[in-house]
Each structure stands twice: as C-alpha cells, then as structure tokens.
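Okay, structure first, notes after.
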Amino acid sequence: MTVTADMAISLDGYVAGTDVSVDNPGGNGAEPLFEWIHDLASRRERQGMTGGAENRDSELMREWFDATGAVVMGRMMYDTGEEFWGGNPPFRTPVFVLTHRPRPTLVKEGGTTFVFVTDGIHSALERARAAAGDRNVDIAGGASTVRQFLREGLVDELQLHVVPALLGAGLRLFEGVGTGRRSLEQVRVVETPLATHLKYRFVQ
C-alpha cells in the first residue's frame with residue numbers, strides 16, 4: 001500500500017488561485033489548472049470511454065481510480081466540492097475528511113462515504129489505510145492538507161500535473177513544508193497537450 005498525493009499545479013508552483021471559498025473553489029485565476037480535466041471530461045462525453053477518447057490523460061485518471069482504495073482531504077476541499085459532487089461523488093471509496101467540526105458519516109451513491117475525522121492527520125491516515133486494504137491511500141488536498149502530510153514525511157509518491165500557465169499568486173503547494181524528506185526519484189513523465197504529468201517517489 002502506497003500513500004500518494006496527486007495535484008494539478010501551475011508552472012510557478014500554485015495549486016489554487018487567490019480568495020478560495022465555497023463559492024470560488026479554485027480561487028481567482030485558477031481556471032488553467034483544470035483545463036486538462038475539463039477537456040478530458042468533454043471528450044468522454046462526446047466520444048465515450050473507448051476509441052478516440054482513450055489517450056494518456058484518460059489512462060492516468062483510470063489508473064488513479066483503479067489504484068486508490070481510500071482518500072484523505074481537508075475540510076475546505078470538502079466544503080468547496082460538496083455541492084458540485086452532489087449525491088454521486090467521483091471517489092467511489094471511503095473519504096476521510098480532516099475537520100474541527102464533527103459531522104455524522106455521509107453515505108453517498110456509487111460507494112463513496114465521507115467520514116469526518118477530528119483527531120488529526122495520523123488518525124485519518126490510520127483509518128484510511130485500514131479501509132484501503134492493499135490499495136493506495138491518496139491525500140487529495142487541498143494545499144494545506146498535502147503540506148501537513150509532506151511535513152510529517154507521510155507521502156510515498158507525488159504526482160504533479162504541471163500546466164503551462166503562470167498564476168502569479170495563490171496557494172503554493174511547497175510553501176512551509178519544512179526541512180524533512182527532500183530526496184525523490186523520478187518514476188514517470190507523460191507529456192500531453194494541456195499538462196505534463198510528473199510522478200516522483202520519495203527515497204530515504
């Protein structure tokens with residue numbers, strides 16, 4: 001079982017724009033970060049999951065879903081995504097939400113459950129590992145949550161979808177991650193028109 005983090009990021013290191021809120025989930029100016037995902041969704045809708053729609057972007061997305069058995073996210077990510085995901089969220093796995101505001105577990109269609117964890121990242125990860133079995137646990141975001149796991153050296157693999165855009169301001173992924181694990185080995189590079197997908201593994 002591997003602990004992963006998978007983030008879209010601008011060329012200058014931002015994973016969200018400024019003024020992130022429930023009504024502005026990606027923040028101001030963040031649209032380029034998600035163009036490759038929206039383009040993929042549009043092509044799936046037009047062409048289905050076979051034939052011309054099968055490209056490297058879709059293979060990477062399918063790989064994530066096949067490999068991931070549980071997800072950890074922060075409360076802001078949950079709050080900004082709750083309405084958009086609706087009654088049938090895309091995760092299809094247990095999702096452990098870090099929060100200071102307790103809430104009963106929510107069971108959604110398609111296999112997604114949201115479990116609200118109030119006693120920190122180590123507890124959330126332990127519960128996610130138990131739920132994932134031999135599949136991966138993914139630290140989904142947002143930036144603050146991924147930073148916490150990076151600071152504690154709890155991420156095994158990091159995949160960055162680097163988009164060719166400069167946001168200039170917003171939430172930086174690597175700001176304040178401390179002086180812990182620094183050495184990484186490159187696992188894979190996949191180039192597509194709207195993003196370069198970089199996968200790294202942390203080494204001791």
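If you go through region 104-114, how many residues are in contact (Cβ under 8 Å) with a residue 24 or more places away in the chain and either in a helix (DSSP H, G or I) or among the aromatic types (Phe, Trp, Tyr) (or both)? Walk me through it before giving the result.
First, pick out the residues of region 104-114 that are in contact (Cβ under 8 Å) with a residue 24 or more places away in the chain: 112, 114.
Okay, now just the ones that are also either in a helix (DSSP H, G or I) or among the aromatic types (Phe, Trp, Tyr) (or both), so 114.
So the answer is 1.
Right, residue 77: modelled with pLDDT of 90 or more, in a helix (DSSP H, G or I) and among the hydrophobic types (A, V, I, L, M, F, W, C) or not?
Values: modelled with pLDDT of 90 or more: yes; in a helix (DSSP H, G or I): yes; among the hydrophobic types (A, V, I, L, M, F, W, C): yes.
Yes; evaluated as a whole, the condition is true for this residue.
For region 12-34, which residues satisfy the criterion of being surrounded by 15 or more Cβ atoms within 10 Å (Cβ to Cβ) and of a type in the set (Asp, Glu)?
Scanning region 12-34 gives no hits.
Kindly evaluate residue 144 against the criterion of being open to solvent by less than 10 Å² (accessible area, probe 1.4 Å), modelled with pLDDT under 95 and hydroxyl-bearing (Ser, Thr, Tyr).
Details: open to solvent by less than 10 Å² (accessible area, probe 1.4 Å): no; modelled with pLDDT under 95: yes; hydroxyl-bearing (Ser, Thr, Tyr): yes.
Against the criterion (open to solvent by less than 10 Å² (accessible area, probe 1.4 Å), modelled with pLDDT under 95 and hydroxyl-bearing (Ser, Thr, Tyr)), residue 144 does not qualify.
Any residue at all in region 38-51 that is assigned to a helix (DSSP H, G or I), among the hydrophobic types (A, V, I, L, M, F, W, C) and modelled with pLDDT under 90? Walk me through it before giving the result.
Of all residues in region 38-51, those assigned to a helix (DSSP H, G or I) come to 38-47, 51.
Within this subset, residues satisfying the condition of being among the hydrophobic types (A, V, I, L, M, F, W, C) are 40-41.
Add one more test, that the residue is modelled with pLDDT under 90, and what stays is 40-41.
Yes, the conditions are met somewhere in region 38-51.
Among 101, 92, 135, which is the only one that is within 17 Å of residue 6 (Cβ to Cβ), of a type in the set (Lys, Arg) and without any contact (Cβ under 8 Å) to a residue 40 or more places away in the chain?
Details: 101 fails: within 17 Å of residue 6 (Cβ to Cβ); 135 fails: without any contact (Cβ under 8 Å) to a residue 40 or more places away in the chain.
After applying the criteria, what remains is 92.
Just to be sure I understand, how many residues within region 169-187 are at pLDDT 95 or above and exposed (fewer than 12 other Cβ atoms within 10 Å of the Cβ)?
2
Within region 68-118, can you find the residues that are within 25 Å of residue 159 (Cα to Cα) and open to solvent by 60 Å² or more (accessible area, probe 1.4 Å)?
76, 82, 84, 92
The values are calculated or read from the model by the stated rules, or taken from the named source; none is laboratory data. The structure presented is a predicted model; accordingly, all values stated were derived computationally and were not measured. Here Cβ is always computed from backbone atoms with ideal geometry, including for glycine, and neighbour counts include all displayed protein chains. Accessible surface is based on the protein model in full, side chains and every heavy atom, while ligands, DNA and RNA are left aside. Shrake-Rupley method; radii C 1.70, N 1.55, O 1.52, S 1.80 Å.
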